[in-house]
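Coordinate-derived values only; no laboratory data. Just so it is clear, the model here is predicted, and its values are computed rather than measured. Cβ placement follows ideal geometry from the backbone for every residue including glycine, while neighbour counts extend to all protein chains displayed.
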Amino acid sequence: MSDHLTVVDHPLVQHKLTIMRDRDTPTAVFRQLLREISQLLAYEVTRGLPMTTKRIDTPMQAMDAPTLDGKKLALISILRAGNGLLDGVLELIPSARVGFVGLYRDEETLQPVEYYFKVPEALEDRLVIAVDPMLATGNSSAAAIDRLKAAGATNIRFLCLLAAPEGIARMKVAHPDVPIVTAAVDDQLNDIGYIVPGLGDAGDRMFGTK
Ligand code: URA
């Protein structure tokens, strides 16, 4: 994957995203749609994975059939909203290893503060896909990627649902080697760091908190 930014403007993704944006969409529907979209986005973010072949017998004859190569990939959820994307992606890639980076955003400084870090071993040998639905300021995403690189990751992709231009720009400066896959790029951030038009607080919408 070479482009820094991929926007998945597939009709199914855009249709589901519109329902998720609607403030009247209930928590259970929001969660289900996030699961469905995450699988469509996972299809894009895993494009170009290294392949090899293995010898198999079909009922008709032997063949060298394509199969994924290399170590199991690592999915890293940036807590807590990342878990909403993680579940769907894991359904599609059940053998993936899973890690968590816990960051919360200081509401005054908008800077990320780390409270949890647990990742699979041998990150340096794996494709690492970091997931977080909202790429807003980019501060916590960039900090999470810093931590993953410090833990050995060299081949990282970032999957989100919505991105702000500010977050994309921040990631491009901090981590130009990390391709971003998203369903949409919105207009801007508001003065408290929320994406507009956006969908509100993704964690609150998926977990029914306020
Ligand atoms: N996090 C969210 O959940 N929503 C935003 O709009 C920005 C950050």
Test G193 against the criterion of being within 13 Å of the ligand (Cβ to nearest atom), more than 12 Å from the chain's Cα centre (by Cα) and outside any loop (DSSP other than H, G, I, E, B), and give yes or no. no
Residue by residue through segment 100-150, note down the ones that are within 16 Å of the ligand (Cβ to nearest atom), out of contact with any helix residue (DSSP H, G or I) (no Cβ under 8 Å at 6 or more places or on another chain) and not in a strand (DSSP E or B). D106, E107, E108, T109, S140, A143, A144
Taking segment 73-99 and keeping residues buried (at least 17 other Cβ atoms within 10 Å of the Cβ), in contact with a Lys or Arg (Cβ under 8 Å, 6 or more places away or on another chain) and part of a loop (DSSP other than H, G, I, E, B) leaves L73, A96
Sort out which residues of segment 8-26 are surrounded by fewer than 17 Cβ atoms within 10 Å (Cβ to Cβ), closer than 16 Å to L159 by Cβ and not acidic (D, E), and write them in order of number. H10
Tell me which residues, restricted to segment 151-169, are touching a Pro at 6+ places or on another chain (Cβ under 6 Å) and away from the ligand (no atom under 13 Å from the Cβ). R157
